[in-house]
Every structure is written in C-alpha cells, then in structure tokens.
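Step one of this worksheet: look at the structure below.
The numbers here are math on the coordinates, done by the rules we state, and not lab data. Owing to the predicted nature of the structure, the values given are computational and were not obtained by experimental measurement. Every residue, glycine as well, gets a Cβ built from its backbone with ideal geometry; the counts of neighbours run over all protein chains shown.
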Amino acid sequence: MHFRISGLPAEPFAGLFSMSDQDLLERRAMRVVADSPHSYPCRISLTDAEEGQTLILLNYEHQPANSPYRATHAIYIREGEEQYDRVDEVPDQLRRRLLSLRGFDSRGMIRDADVVPGTAMETMIQRMFGNADIAYVHVHSAKYGCYVARIDRA
C-alpha cells in the first residue's frame, strides 16, 4: 500500500518572518536561532535547521477536526522552505527520531496509535492503513509531542 507524507504548506506562514518580536508574541510565536544539530525541525520541509539558522516557533492547529481530538501544539518553521510532499519516501528528519503515529478516521477520531523508531515507519504505516476506518495518520515527536507531518494513502 502506497503512502504520501506531507509537511505543512509554506504560504500560511510567510508573513510571520517579517513581523516584529512583539507581534510574534501576540500570536503565541517567537523567533529562535538553532544552537545544536537535529534539534530544530522545520515542519514545512521536514528538514532540520543547521546551527545559526533562524526559525519561528509557534502554536499550530494540526488537528482541526470537529471532534474531541481537535489539537494544537508547538512547531518550528523556517523561511524560504518548500513543502515536503513525497510518495513512499520517509525524510531523514523522521528517520532520526522516536515517533508517535496516530491513525484517525474521517470524523477525526483516533482509531489506532503507537510509538515507533523512524527507521521502522513503513511497517507501522502499513498496519494502520490496513484498517479501512483510518483515513489519515498524524506523526508526532514521541518525546516532546510536537506535530511532525501528515500521512495519507497515495
């Protein structure tokens, strides 16, 4: 079974990078500078920022479903990035992390969830999509709980 992993589209965030620090704070966001490798994951490109690169840390509604599982969490985004959108490919950023995969039905209700090393994602994706009730899967960082990406059937 084929799957598509997608990061967030860049367009909704474009205006954030020209905002003042005060304006960002009013939107529950802030500018940060990466100070260590593999610690600042961009949710648009699904790549990690390199030391010295600037990102925006903001609260993002990743699960807008009208269900008890509606959710927001912190994410990092980097300016000038293109949306990751690939079929049957897992980006290196995900391979390096312990991940929580959450399978949702079309009403936004969780139907399956598990924790898996990024090196074993395909097996878990296949298991979840083996359940016809699961419409999509959200990937989260298992340690910090941050939203990472969305997986759909391809």
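Taking packing as the residue-averaged number of other Cβ atoms within 10 angstrom, the listed peptides 71-83, 107-119, 15-27 run from highest to lowest as 71-83, 107-119, 15-27.
If you place +1 on the Cβ of every Lys and Arg, -1 on the Cβ of every Asp and Glu, and leave all else neutral, what size is the dipole of the chain about its Cα centre, to the nearest 20 Debye?
Working: 18 positive and 22 negative charges, 115 e Å.
With Lys and Arg at +1 and Asp and Glu at -1, about 560 debye.
When the charge dipole of the chain is built from unit charges on Cβ atoms (+1 for Lys and Arg, -1 for Asp and Glu) and taken about the Cα centre, the candidate among 62, 30, 101 whose Cα reaches farthest toward its positive end is 101.
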